[in-house]
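One structure is given below, encoded as structure tokens.
The values are calculated or read from the model by the stated rules, or taken from the named source; none is laboratory data. Worth saying up front: this structure is predicted, and the values here are computed from it rather than measured. When we count neighbours, we look across all protein chains shown, and the Cβ atoms used for this are built from the backbone with ideal geometry, even at glycine.
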Ligand SMILES: C[S@@+](CC[C@H](N)C(=O)[O-])C[C@H]1O[C@@H](n2cnc3c(N)ncnc32)[C@H](O)[C@@H]1O
């Protein structure tokens, strides 16, 4: 792909491997659940005369998608969250699709723009909402109980010092509510203290936890996988790129279970009742990772993992979503009206 083919501000990760896994053909209908800068959509449209329904929850990303659609009418912008992919695809006039791709997390646009409040290195409002709707990161740290803040930081940031950080947050907000990113970064750094030889910023994990919580990223991903199972045609492809072990675990566990590889669900042990027919075939058990060269040219790629699978003819399952961290629903945050 040429440099002009993609948006210069966000360099898409593992794009060649995504398109190979998706294997678009002429006439296919695909969904890009995370349009962002449009790198994956453009790459798919470049190799086949297909159609791409482009979803993003971020209004700025949708503006880019509308611009792109003006140049290529095969792109169909569809604002919304990808957990609602089923109704979005229906509204676009399709019952089923040939492929779905997800590139989880934030884009460089989010991290580079001070006013979006995602970065602990840039002064900006403590926001972190991809959709610009609902409770912000400031609402979380200014209103939730110390216990809940500690749980969020521990479960979604895997931060060992979560209790100390939560205590420092609650202590500080007694005198003044948090307003900015650097405000929070400073309090977290003070609570954690610099560890000798530490290469990452002390607020990295706390910021990650708040971002995942504010955007309900794990819930969104789990619901999207279930919905994609319902809308993919037989032989349709699911391709997911993740950047964090919590996200990758959700994808890995879902595909292991749906392809009949999860421990204890063998369909072939004599005498045991057969489990349900696999809804996905998984051909590569190990996740696909970027080459060293890609990581050098695009450091954001370093923790990326790609998993893909092909839908079988078996009916979609109606199983509840399990295994997500138990935390209060962000949309029901008390005392928050935004
Ligand atoms: C890593 S970027 C995608 C980059 C894109 N693949 C490209 O090549 O430019 C992730 C995008 O997904 C969007 N996003 C994240 N979670 C979402 C969700 N639950 N529903 C819809 N869009 C989401 C973000 O707003 C962001 O624009």
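Structure above, values below:
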quantity: Total residues in segment 308-328, condition in contact (Cβ under 8 Å) with a residue 40 or more places away in the chain and closer than 27 Å to residue 129 by Cβ; calculated: 6
quantity: Where residue 63 falls short, out of the listed (1) touching a residue at least 24 places away in the same chain (Cβ under 8 Å); (2) closer than 26 Å to residue 300 by Cα; calculated: (1)
quantity: Verdict on residue 77 being within 13 Å of the ligand (Cβ to nearest atom), over 22 Å from residue 128 (Cα atoms) and either outside any helix (DSSP H, G or I) or at pLDDT 95 or above (or both); calculated: yes
quantity: Search result, residues across segment 101-118 that are buried (at least 22 other Cβ atoms within 10 Å of the Cβ) and away from the ligand (no atom under 11 Å from the Cβ); calculated: 117
quantity: Identity of the residue in segment 54-74, within 12 Å of the ligand (Cβ to nearest atom) and in a loop (DSSP other than H, G, I, E, B), that ends up farthest from residue 109 (Cα to Cα); calculated: 57
quantity: Complete set of residues in segment 286-322 that are under 21 Å from the mean Cα position of the chain (by Cα), within 22 Å of residue 238 (Cβ to Cβ) and loosely packed, with under 11 Cβ neighbours inside 10 Å; calculated: 286, 320, 322
quantity: Complete set of residues in segment 54-67 that are in contact with a helix residue (DSSP H, G or I) (Cβ under 8 Å, 6 or more places away or on another chain) and surrounded by fewer than 21 Cβ atoms within 10 Å (Cβ to Cβ); calculated: 60
quantity: Those residues of segment 120-135 which are assigned to a loop (DSSP other than H, G, I, E, B) and more than 15 Å from the ligand (Cβ to nearest atom), in sequence order; calculated: 120, 121, 122, 123, 124, 126, 135
quantity: Any hit, segment 149-167, residues being in a helix (DSSP H, G or I) and within 13 Å of residue 126 (Cβ to Cβ); calculated: no
quantity: Odd one out for residue 98, checked against (1) within 11 Å of the ligand (Cβ to nearest atom); (2) surrounded by 19 or more Cβ atoms within 10 Å (Cβ to Cβ); calculated: (1)
quantity: Segment 277-302: number of residues that are touching a helix residue (DSSP H, G or I) at 6+ places or on another chain (Cβ under 8 Å) and part of a loop (DSSP other than H, G, I, E, B); calculated: 6
quantity: First in segment 152-165 and at positive phi, second anywhere and crowded, with 17+ Cβ neighbours inside 10 Å and in a helix (DSSP H, G or I), Cβ under 7 Å, 6 or more apart; calculated: 158/205
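Table: residues versus (1) more than 10 Å from the ligand (Cβ to nearest atom); (2) assigned to a helix (DSSP H, G or I); (3) buried (at least 21 other Cβ atoms within 10 Å of the Cβ).
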| site | (1), (2), (3) |
| --- | --- |
| 40 | no, yes, yes |
| 52 | yes, no, yes |
| 90 | yes, yes, no |
| 93 | yes, no, no |
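Yes/no per residue for (1) closer than 30 Å to residue 96 by Cβ; (2) touching a residue at least 60 places away in the same chain (Cβ under 8 Å); (3) in a helix (DSSP H, G or I):
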site	(1), (2), (3)
184	no, yes, yes
189	no, no, yes
200	no, no, no
210	no, yes, yes
219	yes, yes, yes
222	yes, yes, yes
229	yes, yes, yes
234	yes, yes, no
